[in-house]
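Trainee: What follows is a structure written as structure tokens; I'll ask about it next.
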Amino acid sequence: MSRRDDELDDEIRAHLAMSKQDRIARGESPDAAESAARREFGNAALVKEVTREMWGWNSLERLAQDLRYGLRTMRRSPGFTAVAVLSLALGIGANTAIFSLIDVLMLRSLPVKDPQSLVEVLTRRGKGHFNSFSWQTYSYLRDHGQTVSELTASYRERDRLYTRVEGLEAEKIEGQYVTGNFFSTLGIRPAMGRLIEAGDDRMGSPAHVAVLSWSFWKNRLGLDPAILGRKIMVEDVPATVIGVAPPEFFGTQVGWTEDIFVPLAMEPLIHRKSYTSNAGYKWLQLIGRMKPGVSMEQVHAEMNVLFRRTLEIEAADRHEATVPDWSIDVAPAGAGLSRLRDQFSKPLLVLMAIVGLLLLIACANVAGMLLARGAARRREMALRISLGAGRFRLVRQLLTESLLLSAVAAALGVLLAYAGSDSLVRIMATGRFPVELSVRPDARVLLFTAAVALLTGVLFGLVPAVRALPLRDSGRGGETRTRRLFGKSLIVAQVAFSVVLLTAAGMFVRNLASLENRDLGINRDRVLMVALDPSHSGYQDDELSRDFERLLARLEELPGVRSASICWMPPIAGGGSDGTASVEGSNVHPYVYKNWVAPRYFETVGMPLVAGRDFNFQDRVGSPLAVIINQTMARVGFGAANPLGRHVTFDGDDHRYEIIGVVGDAKYLEIREATPATAYRATFQQTRPASQFVIRTAVPPVQIVPAVRREVRDLLKTVLIGKVTTLAEHIDASIVQERLIAMLSSLFGALGSLLAAIGLYGLLAYTVARRTNEIGIRMAIGAQRIDVVRMVLREALLMVMAGLAIGIPFSMGAERLAAGAVPDLRAGDALTVAFGVAAMLAVGLLAAYVPARRAAHVDPMEALRYE
């Protein structure tokens, strides 16, 4: 390359020398001949540039030159570079972090054969969709369906399975029950051994089998190949390990990693019930594989016809005249089944829109900074043009600098996304169910980040690059009105976007506060919850009831404890027992939720006893069956009549229960639900008592946890202690998605406002610097400092007000869009819009204060001397 440049220089010099000699021969003086030859030849640097363009391969060299020059420019302006890179990194990193979660939950396919042909079968019941079917429904759909080649069922154990491997300590692990065609339908091959087949999933089979996940085999068994053929006890049922699943297969539930897979036929042995005899017991999740050439609409139509038939059969089996008005929906299952997807998909899409606005604010901010720096570089650009550089060449150089800033910001943004994604997963894990998500950026995420970086670099760099070129070579650069308006329009856009972000943050925060302050009918403060697991303790039922009663007495004697009790299902657990009840002497059959509690439960959780009495320890097995109902059930079942002393029966239970009390209404499943009719039964009247202990304290609950653990170990040595938490934490876990979106929208709203403030400050500081002479003249002829401050603040307020005028309508529209995506979110709240407006006014005045103060302290003599 250097040789060709030398040859080009020699060629130009030879051409000039020949032209000079020709002119000397015609009688011109040597000096005049040389000047004329150079004028005729033109700009030598431009000729070299054009010639290099014709070489073609020189583009890589020019790119390297542009990059080196861009790096030198960044190094010469470290403050500018730091602010620009950090601003863009925040926007790009936020987009990458949110997209990483969207990718994991919504876009990433299961590691199975042809995932695009997999479909999930759902029931539509009212407003909800559920992948939950009875064994009879699954069997009928599997045997009669013609649009799917295979239909498989699985059931994920809500509680961990108590498992013992030969030679290892017993532990509880995650498990999934699957039908014999589960692995073959998904097209999964084993990493070792074989997988569960149809012959393994037969009721009454004398030999039970199990398949281990790769992660369990690796982390717990050290990749021991001798595990094949060994016995493993699953809830005291022996099974033989026949294989290991491939390392990439985690199960069908996104966010949950299974440790063991066992045939569905083992589930009745483990839980001591038969799924084939209970038509109303629904928990099987169905996945099918469409036949080639079959559309989703055909599967949907056929499944609805078959499902309607199963509902009629089940209603006839239960001797019911009414068939439930349920229907079937079919959804793609290539990305797996996910409660997390249902819970977080819409909030994540809303957050994606929010971080998109944040990135636009960052782009506008950096574009304003580049515009200001471009004005200062116009002399440099004019000099380079005079030396022969083309305008396109300069635009390319400036655009390369912008893309370089964007690339550095993208690299930093990926690092921020790593930490941010992990933090988001930890927040999601505070919900009701454990979450295991790998959000490390993969090729798709990195490609997304690269695309965002490229678009960002062009978006904030192109217009400032073009406007940095001088229209003419002027002494002072002559800032035009168009350039000033463009810079101000960037600030107006930042303010408008920031108002939208702040309004959204205010709306989500108000929604979260509304849920947290909603009346639940209980007092959740200072209540400790301790879950015990006596299933493998060796206790007989009567022994367990007696020792649980003794444990309650011990707990109530602990310092700082006010009362203690037991329940089967704590409030706001998201699940429970429900069914119909029959009221004695009436044709009313209210739909009720049921719970089993010990004495003093209502006092412990803060539910008032409205009428009658509480349970006592004489309400035990063999005594008259008692029940306490809430006010809603009393109103629905008895109207204005007194329910005390009346009797009710529950479906699936032929016993009569006497109503001994009425308690206040309290939420059961969810915070958002209307209070359902609820019946509380005495847990010590059950064969085996409930094991969720609730303890009200006079001190912070965490202080008594060691004492509670000590009492449990002393009295119930073989009973396992499960989850220990507070009732407040337990309830907060039900609104983790609202907390996530409120926290992140507030953070992004604050960042957007900060970036807008930086942009406004930078523009005003630049304006004050350029108007120093004008300000000095104004003060020299009598202007006061307050007048100068007012002038600068007026300019800032005009830009802020213009941004507010544009942002307010967009904020209202964004509220309506968000309300359509997030349940129970209230739109049209003027208070949230007013909050965004007030916040931006405060931010604008704060950003304008320093430049205004600086302008007010300009020394007129110094300003005139500067001129």
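Trainee: Which condition breaks for Leu644 when tested against (1) open to solvent by 10 Å² or more (accessible area, probe 1.4 Å); (2) among the aliphatic types (A, V, I, L, M); (3) touching a helix residue (DSSP H, G or I) at 6+ places or on another chain (Cβ under 8 Å)?
Mentor: Only one criterion is unmet by Leu644, namely (3).
Trainee: Looking at the range 318-353 only, could you name the residues that are within 30 Å of Leu763 (Cα to Cα) and either open to solvent by 10 Å² or more (accessible area, probe 1.4 Å) or part of a strand (DSSP E or B) (or both)?
Mentor: Met352, Ala353
Trainee: To continue, here is another question. Filter the range 141-164 for residues that are in contact with a helix residue (DSSP H, G or I) (Cβ under 8 Å, 6 or more places away or on another chain) and within 13 Å of Glu235 (Cα to Cα) and give the result.
Mentor: Residue satisfying the conditions is Leu161 alone.
Trainee: For the range 792-819: of the residues being under 32 Å from the mean Cα position of the chain (by Cα), modelled with pLDDT of 85 or more and small (Gly, Ala, Ser), which is most open to solvent (accessible area, probe 1.4 Å)?
Mentor: Residue satisfying both the conditions and the ranking: Ala805.
Trainee: Taking the stated definitions as given, is Val121 under 30 Å from Gln298 (Cβ atoms), buried (at least 23 other Cβ atoms within 10 Å of the Cβ) and in contact with a Leu (Cβ under 9 Å, 6 or more places away or on another chain)?
Mentor: yes
Trainee: While we're here: Considering (1) closer than 15 Å to Ile566 by Cα; (2) assigned to a loop (DSSP other than H, G, I, E, B); (3) not hydroxyl-bearing (Ser, Thr, Tyr), say which one Leu669 fails and leave the rest.
Mentor: Here Leu669 clears every test but (1).
Trainee: Given the residues Ala756, Ala769, Ala674, which is the only one that is in a helix (DSSP H, G or I) and without any contact (Cβ under 8 Å) to a residue 12 or more places away in the chain?
Mentor: Going through Ala756, Ala769, Ala674 in turn, the sole match is Ala769.
Trainee: Can you find even one residue in the range 550-559 that is of a type in the set (Gly, Ala, Ser), within 25 Å of Gly622 (Cα to Cα) and within 36 Å of the chain's Cα centre (by Cα)?
Mentor: No, the range 550-559 contains no residue that is of a type in the set (Gly, Ala, Ser), within 25 Å of Gly622 (Cα to Cα) and within 36 Å of the chain's Cα centre (by Cα).
Trainee: Here is a further query. Are any residues in the range 587-605 open to solvent by less than 70 Å² (accessible area, probe 1.4 Å), under 12 Å from Ala564 (Cα atoms) and either in contact with a Pro (Cβ under 7 Å, 6 or more places away or on another chain) or of a type outside the set (A, V, I, L, M) (or both), and if so, which ones?
Mentor: Hits for the range 587-605 are Pro599, Tyr601, Phe602, Thr604, Val605.
Trainee: Out of the residues in the range 134-192 meeting the condition of being under 30 Å from Gln298 (Cβ atoms), charged (D, E, K, R) and in contact with a strand residue (DSSP E or B) (Cβ under 8 Å, 6 or more places away or on another chain), tell me which one is most open to solvent (accessible area, probe 1.4 Å).
Mentor: Residue satisfying both the conditions and the ranking: Arg142.
Trainee: Looking at the range 252-265, which of its residues are small (Gly, Ala, Ser) and closer than 20 Å to Tyr138 by Cα?
Mentor: Ala265
Trainee: Something else now. Which one is surrounded by the most Cβ atoms within 10 Å (Cβ to Cβ), of the residues in the range 204-251 that are of a type in the set (D, E, K, R) and without any contact (Cβ under 8 Å) to a residue 40 or more places away in the chain?
Mentor: The residue in question is Lys218.
Trainee: What number of residues in the range 624-633 are under 14 Å from Tyr657 (Cβ atoms) and open to solvent by 30 Å² or more (accessible area, probe 1.4 Å)?
Mentor: 2
Trainee: Out of the range 428-448, which residues are surrounded by fewer than 16 Cβ atoms within 10 Å (Cβ to Cβ), part of a helix (DSSP H, G or I) and of a type in the set (A, V, I, L, M)?
Mentor: Passing the criteria: Ala443, Leu446, Leu447.
Trainee: Taking Ala796, is it touching a helix residue (DSSP H, G or I) at 6+ places or on another chain (Cβ under 6 Å) and closer than 30 Å to Val694 by Cβ?
Mentor: Here the answer is no, as Ala796 does not meet what is asked.
Trainee: I would also like to ask the following. Quick one: in the range 712-725, which of the residues that are open to solvent by 30 Å² or more (accessible area, probe 1.4 Å) and not aliphatic (A, V, I, L, M) is nearest to the chain's Cα centre (by Cα)?
Mentor: The residue in question is Lys723.
Trainee: So which residues in the range 480-513 are under 17 Å from Val843 (Cβ atoms) and open to solvent by 40 Å² or more (accessible area, probe 1.4 Å), if there are any at all?
Mentor: Those that are under 17 Å from Val843 (Cβ atoms) and open to solvent by 40 Å² or more (accessible area, probe 1.4 Å): Lys488, Phe497.
Trainee: What strands (runs of 3 or more DSSP E) lie completely within the range 118-196 and have 2 or more residues being modelled with pLDDT of 85 or more and of a type outside the set (Gly, Ala, Ser)?
Mentor: Hits in the range 118-196: 118-125, 148-156, 175-178.
Trainee: Would you confirm whether or not the range 754-764 contains a residue that is surrounded by fewer than 21 Cβ atoms within 10 Å (Cβ to Cβ) and among the small types (Gly, Ala, Ser)?
Mentor: Scanning the range 754-764, I find no residue that is surrounded by fewer than 21 Cβ atoms within 10 Å (Cβ to Cβ) and among the small types (Gly, Ala, Ser), so the answer is no.
Trainee: Please find, among Gly175, Gly243, Gly145, the residue that is within 30 Å of the chain's Cα centre (by Cα) and not aromatic (Phe, Trp, Tyr).
Mentor: Gly175
Trainee: A further question on this structure: Would you pick out the residues in the range 260-316 that are closer than 29 Å to Thr163 by Cβ, at pLDDT 75 or above and not in a strand (DSSP E or B)?
Mentor: Listed by number, the residues that qualify are Leu264, Ala265, Met266, Glu267, Trp283.
Trainee: A further question follows. Return yes when Glu516 is open to solvent by 60 Å² or more (accessible area, probe 1.4 Å), of a type outside the set (A, V, I, L, M, F, W, C) and touching an Asp or Glu at 6+ places or on another chain (Cβ under 9 Å) and no when it is not.
Mentor: Here the answer is yes, as Glu516 does meet what is asked.
Trainee: Given Ala417, Ala429, Ala451, which one is of a type in the set (Gly, Ala, Ser) and in contact with a helix residue (DSSP H, G or I) (Cβ under 8 Å, 6 or more places away or on another chain)?
Mentor: Residue meeting the stated conditions: Ala417.
Trainee: Look at Ile731 and say whether it is part of a helix (DSSP H, G or I), in contact with a Lys or Arg (Cβ under 7 Å, 6 or more places away or on another chain) and either under 30 Å from Asp547 (Cα atoms) or open to solvent by 10 Å² or more (accessible area, probe 1.4 Å) (or both).
Mentor: Criteria met by Ile731.
Trainee: All but one of (1) modelled with pLDDT under 80; (2) more than 14 Å from Ile491 (Cβ to Cβ); (3) open to solvent by 30 Å² or more (accessible area, probe 1.4 Å) hold for Val789, so report the exception by its number.
Mentor: (1)
Yes or no, residue by residue, for (1) modelled with pLDDT of 85 or more; (2) among the acidic types (Asp, Glu); (3) open to solvent by 20 Å² or more (accessible area, probe 1.4 Å):
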position	(1), (2), (3)
Ala821	no, no, yes
Leu825	no, no, no
Gly828	no, no, yes
Leu831	no, no, yes
Ala838	yes, no, yes
Val843	yes, no, yes
Val850	no, no, yes
Ala856	no, no, no
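Trainee: Restricting the first residue to the range 612-625 and requiring it to be without any contact (Cβ under 8 Å) to a residue 40 or more places away in the chain and within 16 Å of Arg546 (Cβ to Cβ), which pairs with a second residue that is part of a loop (DSSP other than H, G, I, E, B) and open to solvent by less than 40 Å² (accessible area, probe 1.4 Å) meet a Cβ separation below 7 Å and a spacing of at least six or different chains?
Mentor: Asn616/Pro599
Trainee: Here's a follow-up. Of the conditions (1) under 30 Å from Val366 (Cβ atoms); (2) at pLDDT 80 or above; (3) not polar (S, T, N, Q), Ala25 fails just one. Which one is it?
Mentor: Result: Ala25 passes all but (1).
The values are calculated or read from the model by the stated rules, or taken from the named source; none is laboratory data. These numbers were taken from a predicted model, which means no experiment stands behind them. For neighbour counting, all protein chains shown are included, and Cβ atoms are generated from backbone atoms with ideal geometry for every residue, glycine included. Accessible surface areas use protein heavy atoms only, side chains included; no ligands, DNA or RNA. Shrake-Rupley method; radii C 1.70, N 1.55, O 1.52, S 1.80 Å.
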